[in-house]
1. Can you list, shortest first and in nm, the gaps between the label point of A:LYS7 and those of its counterparts in the other copies, using a point 7 Å from Cα in the C-beta direction?
2. Could you work out the relative contact order of the stretch B:154-228? I mean the mean sequence separation of Cα pairs under 8 Å and 6+ apart, divided by the number of residues, in percent.
3. Looking at the stretch B:166-284 from every direction and averaging, what is the projected area of its Cα convex hull in nm²?
4. For chain A, list log₁₀ I(q)/I(0) at each q in 0.07, 0.12, 0.13, 0.15 Å⁻¹, using the Debye formula over Cα point scatterers of equal strength and ignoring solvent, two decimals each.
5. So what are the radius of gyration and Dmax for the Cα set of the stretch B:328-386, in Å?
6. How many times 2.2 N^0.38 Å is the alpha carbon radius of gyration of the stretch B:3-127?
7. With contacts defined as alpha carbon pairs under 8 Å and 6 or more residues apart, what's the relative contact order of the stretch A:1-73 in percent?
8. Let me know the mean shielding of B:221-232 by other chains, meaning the per-residue number of their Cβ atoms within 10 Å of its Cβ.
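What follows is calculated from the coordinates using simple rules that are stated; it is not laboratory data. This one's a predicted model, so the numbers in the text were calculated from it and none came from an experiment. We place every Cβ from the backbone using ideal geometry, glycine too, and count neighbours over all the protein chains shown.
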There are 2 protein chains.
Amino acid sequence: MLLPELKLRRDKIRALMAQQNIDAAIITCNVNLLYTYGQIVSGYLYLPLHAPARLFLKRPNNITGEHIHPIRKPEQIADLLKENNLPVPQTLMLEGDELPYTEYMRLSAIFPEATIVNGTPIIRQARSTKTDIEIIMFHRAAKAHAAAYEQIPSVYHEGMSDKEFSIEIERLMRLQGCLGIFRVFGQSMEIFMGSVLTGDNAATPSPYDFALGGKGLDPSLPGGLDGSVLKEGQSVMVDLGGNFNGYMCDMSRVFSIGKLTDEAYAAHQVCLEIQEKIASLAKPGVACEELYDAAIDIVTKANFADNFMGIDQKAKFIGHGIGLEINEAPVLAPRIKQELEPGMVLAIEPKIVLPSVGPVGIENSWVVTAEGIEKLTICNEEIIQL
Amino acid sequence: MLLPELKLRRDKIRALMAQQNIDAAIITCNVNLLYTYGQIVSGYLYLPLHAPARLFLKRPNNITGEHIHPIRKPEQIADLLKENNLPVPQTLMLEGDELPYTEYMRLSAIFPEATIVNGTPIIRQARSTKTDIEIIMFHRAAKAHAAAYEQIPSVYHEGMSDKEFSIEIERLMRLQGCLGIFRVFGQSMEIFMGSVLTGDNAATPSPYDFALGGKGLDPSLPGGLDGSVLKEGQSVMVDLGGNFNGYMCDMSRVFSIGKLTDEAYAAHQVCLEIQEKIASLAKPGVACEELYDAAIDIVTKANFADNFMGIDQKAKFIGHGIGLEINEAPVLAPRIKQELEPGMVLAIEPKIVLPSVGPVGIENSWVVTAEGIEKLTICNEEIIQL
């Protein structure tokens, strides 16, 4: 990672720290280190408001450089700051929504005189608008993601289960360069690579906060595919995470086994219409709730509201920020007044589930530009017959 | 999950709570809910010392039953206990090493009069000795894991990279039923499915706390395979996580491209000898450090100490507990006085890395019985030529 890019990211965080009179941050959670240091390490990035960042490093042992201090434990940070004539912080920011309680308390105790502030909201806010380089990373990921999806029909064969189909698509994604790992903020979501949902399984409520649920294969991972055989007249939605370079690109496409009902094609067109409407409205300054409300308005008029974003248990959003994690700010949900800003990257995913058919709809990743939003994931959006 | 099994697990936790005068626990982290409720849900298991457990459930919305209370937010728990004539806890245990700081504080505030205790060590201690049913789950996982590994030579072809080889092995694992998801305690380890390491990449230091490192494909996941082509005269070690039912079975096997040096075969035999020695020593009452020291003794006499468990950066353990997470208690490491107990399940992994050859050695999963330890992962242990 180039230093100017890291400086830019750190300064975005610093600007928000300054607003709250925070004079230093300790950053140690993996994705936040990736953001501010350019790679994941085991250690602590100490980020003062008015001095260069320093890395207090546990592992790996082969990184050296100015402002890098090998340590065995975080308690050494206080002495090392002193040795380098750096002031101790008065107000210190820690990753309070991410660090385990005991870790947070341990790091707090390093500076017993300091006021400790939860810095997770600040870091998430900084991360929510992407730099030009991050947007380039997303473009690359989206291209690879689409290239893998284009090959999906080639791996289908009659009589496959959702699991067998998923395994072949996972392989396509991996061959295309997908790193596989699926990073999530918090513990509200867990899944392997993503979900492949067919038929009524798409309506099965799950504990996880994804757009659609699914029973899963095991009580230890109750989401996504459940081993159903792909049947004539049913749809199958592929929604795998596109992590090709750390950035979680997000895209769903729908396939059909034979022909679906006319209603299914109509419902799919409603989702495309919602996507088009949102794309026409979305631009900097527009509130997230406006986009959600526009979607609900269209789906209600089309008489598919009862099947929108699930049936018995519905997702209460139609899109979400994406970045180093799949669930970044903002959320396109009711009553969210937060406004779009240039550089935000969003997954927008209007989906309808039809009993005995399955899921239809669309999901693409988009970047908010100065004037509107631009689609990243370019790939056939119609229902593709397998 | 059968209720008697869940009661047994909850009572193991309760027995440890009683020793510390803790009168209730709130359990909400995914693996701990899986352990105590038998499936992952979004919610809170309230576990009193002297009354049946109650589930305060957010999602999914299709679970009902006695002692199950739908809620929207955890603050409702206090009122619901009152309505059900249950006392508020005096000393409440929360998952302090796992819950984010802000979540911990939020749950603490539900019972402002209670003393709050970190319950993670108690739950991990309970989880470290497996029930008979958990051991059956491990036997099943080990059988599937071995069945996938037996097919590994069939997917190799000349000129493959470690990445291409890994992708085909991942597919074998998935077809055998592997759920894919790799669960870890804490943030010291991250990887997709596991690692496939060849040649000098096996000695590359990584930030993660695995037995061996690897550069990885990207700074966002700096561990494991790095895209190296599998070359004549090099070894390749396959170490994928065997999560077939929630339990993380662990097994490594070594393959060779053509013949390796005599030294490599000798080093491999030293690892097998270490494994045999540990298997002969290990039984309830034996301290973890004794097993570690026995391994170091053998490898030192064999003159491979400098290459044991890495070269420039070494793992400081030769084995670890496994269960719902890959890194459970105990750890087979120096100065660990903790004694083995019946029902513990261990991964034991003596490994040696040889420059310009790669990794050799072995890893199996074992269960501690009344008299010794029993191997779970039965599969050819020699270096298999591809």
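1. Spelled out, the distances from A:LYS7's label point are 6.7 nm.
2. RCO, the stretch B:154-228: 28 percent.
3. The directionally averaged projection comes out at 9.0 nm².
4. -0.35, -0.91, -1.03, -1.25
5. Just the Cα atoms of the stretch B:328-386 yield Rg and Dmax of 14.3, 43 Å.
6. Cα Rg divided by the expected 2.2 N^0.38 Å: 0.95.
7. Details: 103 pairs, mean separation 16.8, N = 73.
Taking the mean separation of contacting Cα pairs over the length of the stretch A:1-73, I get 23 percent.
8. Other-chain Cβ atoms within 10 Å of each residue's Cβ, averaged: 2.
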